[in-house]
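The values are calculated or read from the model by the stated rules, or taken from the named source; none is laboratory data. Just so you know, these numbers come straight off a predicted model, no measurement behind them. Ideal geometry is used to build each Cβ from the backbone, glycine not excepted, and the neighbour counts take in all protein chains shown.
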Amino acid sequence: MPHSLPSLNALRAFEAVGRLGSMTAAAAELHVTHGAVSRQIKRLEAHLGVALLEGPKQALRLTPMGRELLDGLTPGFEHLEQAVRRVTDDVEGTLDVTCLGTLMLRWLIPRLHRFQAAHPAIEVRLSASDGPLDLERARFDVAIHVDGAWRTGAEVTPLFTERVGPVMAPAFHSGDRPRLEAMTLLHTATRPHAWRDWAKAAGVGLMDLRGPTYEHFYFLLEAAVAGLGACIAPWILVVDDIRAGRLVAPYGFLPSGLEYVVLRPPRSSRKAALFRDWLVEEGERFRQESAPPEAPHATSRSPG
């Protein structure tokens, strides 16, 4: 076998075919033609003196030697990309951030001016994502989500623990805790069992949990502010409304069991690291400045 290294382009073409499973997919990723990929692999096989792929054109598979080569090439190219990124990566340009929709509107955006003041050369481009994240197909640099709501590995940084409780417009609260059983209970499609889970955790009895359901959490909170009823809400989403007097929380807040985290896909940029660090600082600032009121001592009796 020749001792000289084969062409880097040929190695890259083979790695893409082996990883993606087809020459067509590899050609699309490398922005070349199917024929160019095929020629590179033939040259690589001739250089090495071994067969790397076998089977019909529409169902190519790796030979044992091809599998062994691929196992070394994929991490090798990843290390090369990381080394180049460390040298060339800068802290300016666009940063794509995805976040739970209501959290973005009610917590992230009101605080984002502090990051932009510290890093004016970085343009933060926001998008909302409330469903599970597939990081293999991720098109973002940083994500803010709840713990466990993704399918593949990522760098995970804890942000804060969620606490929830009933909130309502001030008109329903005149000094004593209002009777929840006498109120309209508002629900959201994204957390259909929020009232049941809170009542169990709080040790209170709510016999009738029926009430209107809103498609998005943001609509639910707006309905509560408008006086349409009471809803279960995370402290982080209503703290500004409570401070402004638009909502009250006479029953306090209890841990929901959810954790908010910051996610970064593998091989993310320095800009993403800066934004993650800023989010952690903001999370700590929030915990220190905005401690939620504790829930009253649990009771098995009906609230009110």
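A compact table of results
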| quantity | calculated |
| --- | --- |
| Subset tally (residues that are surrounded by 18 or more Cβ atoms within 10 Å (Cβ to Cβ) and on the phi > 0 side of the Ramachandran plot) for the stretch 166-177 | 0 |
| The stretch 242-276: number of residues that are within 29 Å of Trp195 (Cβ to Cβ) and part of a loop (DSSP other than H, G, I, E, B) | 8 |
| Unmet requirement for Ala233, which otherwise passes all of (1) within 12 Å of Pro166 (Cα to Cα); (2) among the small types (Gly, Ala, Ser); (3) in a helix (DSSP H, G or I) | (3) |
| Yes/no for Ala273 being in the same structural domain as Thr213 (by TED's automatic domain parsing) and modelled with pLDDT of 90 or more | no |
| Of all residues making up the stretch 178-221, the number that are small (Gly, Ala, Ser) and either at pLDDT 95 or above or surrounded by 18 or more Cβ atoms within 10 Å (Cβ to Cβ) (or both) | 3 |
| Answer residue from the stretch 255-270, given it is touching an Asp or Glu at 6+ places or on another chain (Cβ under 6 Å) and at pLDDT 90 or above and is nearest to Thr157 (Cα to Cα) among those | Val261 |
| Check on Ala224, of a type in the set (A, V, I, L, M) and modelled with pLDDT of 95 or more | yes |
| Qualifying residue in the stretch 190-200 (condition: without any contact (Cβ under 8 Å) to a residue 60 or more places away in the chain and of a type in the set (Val, Ile, Thr)) | no |
| Any chance Val261 is in contact (Cβ under 8 Å) with a residue 24 or more places away in the chain and surrounded by fewer than 19 Cβ atoms within 10 Å (Cβ to Cβ) | no |
